[in-house]
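Each reported figure results from applying straightforward, stated rules to the coordinates on display, with no laboratory input. The model shown is predicted, which means the values in this text are computed figures rather than measured ones. When we count neighbours, we look across all protein chains shown, and the Cβ atoms used for this are built from the backbone with ideal geometry, even at glycine.
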Amino acid sequence: MTGPGARAPDATRRDLLRALAAAGGAACAARLAGSATAIAEDVARPGEGVVAVEEGGLAPRPARWYRKLPEDWVQCGLCPHGCRISEGERGTCGVRENRKGSLFTLVHSRPCSVAVDPVEKKPLFHVLPGVPALSLATAGCNFACKACQNWEIAQARPEQVKSATLSPRGVAELARRHAAPLVACTYTEPTVWSEYVHDVAVAARSLGVRTVVVSNGSIQEEPLRDLAPLLAAYKVDLKGFREAFYRSHCEGELKPVLDTLRRLRRHGLWTEVVVLVIPTLNDSVEEIRDLSRFVRDELGPEVPVHFTRFHPAYRLTNLPSTPVATLERAHDVARGEGLRFVYLGNVPGHRAESTWCPGCGGLLVRRLGMALLENRLKKGACPDCGRAIPGVWS
Ligand code: SF4
């Protein structure tokens, strides 16, 4: 590994304790129905926007982004699947249902996971370092990734998970109560619950809280155009850079994701890219190079790219964890192609968790795991050479 990331970490015992504390909070956060109910109950006070706290049952609401077809069919326009749905049936994601010729979302205001995470867990490294993000998810996803870490909720239908009822206003108030300047729509695929994302973002903004989305990027142009002005940042999981991999391991397509990334740039919405590097499947030098060139040429060399370490999960338990050397090779390839902010994830203590100044090479933001240890940025710039660092810093 070359560049500033090559220097050995210098974590103190206190650093490690802080990292463990952050990781512990995140671990609680990710799991699932119990935490959702517990936190929802926390806000179930009169007059604070929470409709009710209950488990089970569906609460359909009219969907947006679809068109009616003859004979009571509908076509969903939310994601590139463009599901054509007959009366009484649901789309691929399992959370949008045709009722008498109209499309309904079954998960608006029905989160199955609600928790407070550090923003570093998303991961968004150039957005308000160290702040807590009120993080929520409903059931549902439009992909079926074999390496999914949240498959228990992402691949579930709404009636298969415990959910609370939490209005958009309730989400915003909950964020305020937990001193979280961000709401993160995350864990599953926010695209398939875009109506809730939209309304949460509007409610959050009215209380001075910003909203970020953690997505696979498989969303159509119109809903993205409607959501983008309401959001502070968008993190896209780029699963790889080969159509064959998207089809065989995600049941999705690469091209629409690349289109989304191009559109995010046009919208001027702060974007970070995460690549889960899986041994033998998407880790070749050629693929990493192609991906890096796409980011450099079409999104810009200052867009952060995170290469994260795979661990066996869900339906991919036959492969080993990604060797750190493979991640470091990806890092070097991306840096060699001119990307300026390349990070490694799931490798606690690695130098490439931190942000280094492309101007003078100095340390800017020091991290350990999900913990922020030090932020030396001054008004979004390097305190040593003054080089501006792109991101959402205030
Ligand atoms: S959001 Fe769901 S119903 Fe709509 S097109 Fe995508 S998979 Fe189909």
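Descriptive notes on the structure:
- Cut-off 11 Å between beta-carbons: net charge of the residues surrounding Gly252, Lys and Arg +1, Asp and Glu -1: -2
- Packing order of peptides 343-350, 197-204, highest average first: 197-204, 343-350 (average count of other Cβ atoms within 10 Å over each peptide's residues).
- Among beta bridges that DSSP assigns inside the chain, antiparallel share in %, nearest 5: 50 percent
- Calculated [222 nm] ellipticity per residue, helices only, for the chain: -8000 deg cm²/dmol; basis is -39500 (n - 2.57) per DSSP H run with n ≥ 4, divided by all residues, nearest 500.
- Under the Karplus curve 6.51 cos²θ - 1.76 cosθ + 1.60, θ = phi - 60°, whole-Hz ³J(HN,Hα) for segment 89-103, x wherever Gly or Pro sits: 9, 10, x, 4, 6, x, 10, 10, 10, 7, 10, 6, x, 10, 8
- When the listed pairs Lys122/Lys239; Lys100/Lys146; Lys68/Lys162; Lys162/Lys239; Lys235/Lys379; Lys122/Lys255 are checked against a 26 Å cut-off, the alpha-carbon distance exceeds it for Lys100/Lys146; Lys68/Lys162; Lys162/Lys239.
- The long axis of helix 33-42 is offset from the longest Cα principal axis of the chain by roughly 80 degrees.
- Computed from backbone phi, the HN-Hα couplings of segment 106-119 come to 9, 10, 4, 6, 10, x, 9, 8, 9, 6, 10, 10, x, 4 Hz, rounded to whole numbers (Karplus: 6.51 cos²θ - 1.76 cosθ + 1.60, θ = phi - 60°; Gly and Pro given as x).
- Each residue of segment 316-322 was assigned a 3J(HN,Hα) from its phi angle through the Karplus expression (A = 6.51, B = -1.76, C = 1.60, θ = phi - 60°), giving 10, 9, 8, 10, x, 4, 5 Hz with x at Gly and Pro.
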